1. Could you run the Karplus curve 6.51 cos²θ - 1.76 cosθ + 1.60 with θ = phi - 60° over the range 200-205 and give me ³J(HN,Hα) per residue in whole Hz, x for Gly and Pro?
2. Count the DSSP beta bridges whose two residues both fall in the chain, then state the antiparallel fraction as a percent rounded to the nearest 5.
3. Which cysteines in the chain lack any other cysteine whose Cβ sits under 4.7 Å from their own Cβ?
4. Dipole size in debye (nearest 20) for the chain around its Cα centre, Lys and Arg Cβ +1, Asp and Glu Cβ -1?
5. Per residue Cα convex hull volume for the range 27-72, in cubic angstrom?
6. Along Cα→Cβ, 7 Å out, is where each label goes; now give me the distance between the ones at residue 18 and residue 250 in nm to one decimal.
7. Quick one: compute the contact order of the range 1-143, relative version, from alpha carbon pairs under 8 angstrom and 6+ residues apart, as a percent.
8. Please list, ordered by chain and number, the residues whose modelled amide H lies under 5 Å from the amide H of residue 198; skip anything fewer than 5 residues away on the same chain.
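Since every read-out is calculated from the coordinates, none of them should be taken as a lab result. Given the structure is predicted, the values throughout are model-derived calculations rather than measurements. Cβ coordinates were reconstructed from backbone atoms using ideal geometry, including for glycine residues, and neighbour counts include every protein chain displayed.
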Amino acid sequence: MDWGMRNRLARMFPGGENGNAVMLAVDHGYFMGPTHHLEDARATIAPLLPYADAVALTRGILRTSVPSTSATPVMLRVSGGATVLKEDLSHETITTAMRDAARLNVCGVALSVFVGAPHEHESLVNLSKLVDEGEEAGIPVMAITAVGKELEKRDARYLALACRVSAELGAHLVKTYYCDGFEKVVEGCPVPLVVAGGPKLDSDRAALELAHSAIAKGAHGIDMGRNIWQSDHPVAMLKALRAIVHEKATVAEAMDVLGSAKGRAPAAASARA
């Protein structure tokens with residue numbers, strides 16, 4: 001792997017090849033429009049940037065809503081072409097050229113792969129071509145699996161297939177979902193996996209439990225959006241997730257971080273009072 005490629009990965013994954021990352025996903029608007037709490041992208045992103053190891057977004061939001069002085073690495077969404085108004089979300093193509101990604105000085109590019117969907121073939125060919133271009137430019141490629149209506153297929157057998165195929169085609173890392181038997185998905189994928197948060201869960205604790213389970217079973221990070229910026233306390237939530245991902249905190253310890261960051265006494269301290 002070339003120095004530029006390794007450097008970009010290291011910037012997103014503190015600690016080097018075996019490091020973990022907390023990625024902040026704010027790319028939902030490319031097919032969902034102005035999602036709840038992401039209507040004003042600049043206002044949502046600004047307080048969270050200092051606590052994210054990388055931010056995942058589109059070039060439009062990067063250019064309009066992130067200051068050029070930001071030091072947070074960027075994972076650039078480069079696929080699209082369908083919206084929630086369409087029944088088939090898998091009809092995507094590459095929407096951003098690699099030369100524009102290089103011009104934006106991003107640390108990685110990301111696209112969706114739709115294994116088992118009507119446009120599976122096109123999405124996998126898109127991945128292969130993007131990897132070729134990424135290797136030439138020294139920019140890592142992240143494949144995003146089980147998106148859209150494929151959310152119903154979150155079992156280990158399906159995710160292991162989607163992740164392995166993505167890695168075989170050259171993806172440098174893969175974003176997928178946590179599931180029962182997740183260790184089998186990790187075992188079958190030779191590149192780092194980061195776990196998506198998916199739709200907003202019913203509590204902050206549930207999101208912390210998901211993150212803890214994913215890291216414990218071998219994920220190299222999380223890439224969450226709605227479970228952070230749709231939380232009532234997004235900065236506190238991001239700090240609590242960092243404690244799990246980088247400090248191997250338990251869920252209880254992360255809840256203490258969350259409570260402290262919200263300005264309340266930690267749960268353990270409250271219990272002793």
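1. These are the phi-based 3J(HN,Hα) values: 4, 7, 6, 7, 4, 4 Hz.
2. 5 percent
3. 107, 179, each lacking another Cys Cβ under 4.7 Å.
4. Taking the Cα centre of the chain as origin, the dipole is about 660 debye.
5. 71 Å³
6. Going by the 7 Å Cα→Cβ label model, 2.5 nm.
7. This gives 22 percent for the range 1-143.
8. Answer set, sorted by chain and number: 225.
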